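One structure is given here, and the rest of the page talks about it.
The values are calculated or read from the model by the stated rules, or taken from the named source; none is laboratory data. Remember, it's a predicted structure, so these values are computed and weren't measured experimentally. When we count neighbours, we look across all protein chains shown, and the Cβ atoms used for this are built from the backbone with ideal geometry, even at glycine.
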Amino acid sequence: MFAKGQTIIQLIEQLAPKYLAVEGDRIGLQVGTLQKEIKKVMLTLDVLENVVDEAIEQQIDFIISHHASIYRPLKHLRTDLPQGRIYQKLLKHDIAVYTAHTNLDVALGGVNDALAKRIGIQATEFLQEVYQQKLKKIVVYVPESHQQVVLDALYANGAGWIGNYSHCSFTSSGIGTFMPREGTNPYIGQQGKLERVNEVRIETIIPEEKQNQAIKAMIKAHPYEEVAYDIYPLDIEGKAYGIGRVGVLEQELTLKEFALQVKRQLELDGARVIGDFTQKIRKVAIVGGDGNSFVPTAAFKGVDVLITGDIYYHVAHEAMAEGLAIIDVGHNVEKWVLPELKAYLEQAFKERNIMTEVYESKTDTNPFQFI
């Protein structure tokens, strides 16, 4: 079978949930519909006209991009202009476009982890934390006969995780009382008769963003018409997410040695380097895309070199004053997330017996050349 667009997006959002995105970021479905069968999906960094032409040639049904095709509000849709032609071609050939941007930057296994892996840095911390999970406790009362089925429903929908431990819960036994009234159809008992039932109190933990789906699954699995349950907010911290990665090199290198190594590993034609070439490098930070706003954070964290892109002239001066070296590898290096995303989707499709093909765009969308 082939996947529906909605199924593919559910898989993408398991890796890079929307709540990780920066507020106001243009993510999600931008063109077309998810309610169709997808035989072939394309992964690309940018949705340019030549990328769309490639998609048409490859008979693509669905494009997943990192950068939004519609970033600023459209004032018109003129097909005699380059931007309008893109949407005309997409709509004419029924190609949907979905964007995962800053949520994919932040995600574990996303852009910054892909870059750290490519460069060979073992990331030990985030450059800047951007999201902290809020946790809730779910308490539900269930007859002994349905204890495990209700627990399984909760576990299957994100409950029961504490750190790297899954299936975490606590149960205690007691007596539940209730009297079914007129209009009820009780699983246990009779209308007008007080019932006393051996029940189990189940307690488990759930991230706030998965609370609603877990409750729906729990109620569906529960045998009672009216389910008695409580939700408690918790002050303990859940999983943290951050943008950028920080790690330490196995062996100290000079800035020049390390810059040349990064150039090879990212297959660059060239890179801009800020700092003293003889400076010793051990602690490294990396953030894909435009990294200007992360220079103060990298300096504060005692980083020797920041690998990023699009560094401004005056920001470079500020970094030099702080003693922070920078290797400006450009924005296009974010493309290295595409092979990782391809492998992730192919494995997910294989596990679900989905025949949808995953195709990585061959079009070079880097606008810069070195001479």
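Per-structure values
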| quantity | calculated |
| --- | --- |
| Within region 266-323, strands (runs of 3 or more DSSP E) holding 3 or more residues that are among the hydrophobic types (A, V, I, L, M, F, W, C) | 280-290, 305-309 |
| Checklist (1) assigned to a loop (DSSP other than H, G, I, E, B); (2) under 30 Å from N292 (Cβ atoms); (3) not polar (S, T, N, Q) applied to H167, failing item | (2) |
| Test: residue in region 265-279 that is among the basic types (K, R) and at pLDDT 95 or above | yes |
| Filter result for G84 (buried (at least 22 other Cβ atoms within 10 Å of the Cβ), on the phi < 0 side of the Ramachandran plot and not aliphatic (A, V, I, L, M)) | no |
| Subset of region 199-221 [surrounded by 16 or more Cβ atoms within 10 Å (Cβ to Cβ), assigned to a strand (DSSP E or B) and among the charged types (D, E, K, R)] | E199, R201 |
| Subset of region 227-265 [among the hydrophobic types (A, V, I, L, M, F, W, C), part of a helix (DSSP H, G or I) and touching a residue at least 24 places away in the same chain (Cβ under 8 Å)] | L255, F258, A259, V262 |
| Index of the failed condition, Q251 passing every other in (1) surrounded by 13 or more Cβ atoms within 10 Å (Cβ to Cβ); (2) modelled with pLDDT under 95; (3) under 30 Å from E318 (Cβ atoms); (4) polar (S, T, N, Q) | (1) |
| Residue within region 52-60 that is surrounded by fewer than 17 Cβ atoms within 10 Å (Cβ to Cβ), in the same structural domain as A96 (by TED's automatic domain parsing), modelled with pLDDT under 95 and farther than 30 Å from Q133 by Cα present | no |
| Qualifying residue in region 212-232 (condition: among the small types (G, A, S), modelled with pLDDT of 90 or more and closer than 30 Å to L306 by Cβ) | no |
| Cβ-Cβ under 6 Å pairs, at least 6 apart or on other chains, region 126-142 side surrounded by 15 or more Cβ atoms within 10 Å (Cβ to Cβ), far side hydroxyl-bearing (S, T, Y) and part of a strand (DSSP E or B) | Y131/Y241; K137/Y232; I138/T204; V140/Y229 |
| Selection status of I9, surrounded by fewer than 17 Cβ atoms within 10 Å (Cβ to Cβ), part of a helix (DSSP H, G or I) and of a type in the set (A, V, I, L, M, F, W, C) | no |
| Subset of region 103-150 [within 14 Å of the chain's Cα centre (by Cα) and small (G, A, S)] | A107, G109, G110, A114 |
| Residue check for Y187: under 30 Å from A68 (Cβ atoms), surrounded by 13 or more Cβ atoms within 10 Å (Cβ to Cβ) and of a type in the set (S, T, Y) | no |
| Residues of region 316-350 satisfying the condition of being crowded, with 19+ Cβ neighbours inside 10 Å, more than 22 Å from K263 (Cα to Cα) and out of contact with any Leu (no Cβ under 7 Å at 6 or more places or on another chain) | F349 |
| Any hit, region 31-38, residues being under 22 Å from T102 (Cβ atoms), touching a Lys or Arg at 6+ places or on another chain (Cβ under 9 Å) and assigned by TED's automatic domain parsing to the domain that holds F349 | yes |
